[in-house]
Amino acid sequence: MEISIIKIGNSKGFRLPKIILEKYNISDKVELIMEKGQIILKPISEPRKGWDNAFKRMNKEGDDQLFFEDVFEDENFDEWN
């Protein structure tokens, strides 16, 4: 795919088509890698982004309780000795 370099203020840049942004799940940042005469744009993966706020909200709403106890009543720890 060929794209044009455009003037952006005192710099230059390029625009990525919407289809590329959607296909590679690029929202606002990419990692730029320069190697062997190539420039590689790599989507930044943040699979746990926002978890801290979600956990705080769950705690505030009392929705962070265990589904079952850590130790079952019939569990025998003697076999581990």
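Each reported figure results from applying straightforward, stated rules to the coordinates on display, with no laboratory input. Bear in mind that the values here come from a model prediction, so they are computed numbers and not experimental data. We place every Cβ from the backbone using ideal geometry, glycine too, and count neighbours over all the protein chains shown.
At-a-glance table
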quantity	calculated
Largest-first principal axis extents, alpha carbons of region 6-64, Å	52, 29, 24
Distance violations [Cα-Cα > 23 Å] among 18/42; 7/36; 12/49	7/36; 12/49
Value of [θ]222 nm, deg cm²/dmol, for the chain, DSSP H segments ≥ 4, -39500 (n - 2.57) each, nearest 500	-5500 deg cm²/dmol
Loop chymotrypsin sites (Phe, Trp or Tyr not before Pro), region 11-78, which have at most 13 other Cβ atoms in a 10 Å radius of their Cβ (DSSP)	14, 24, 67, 68, 72, 77
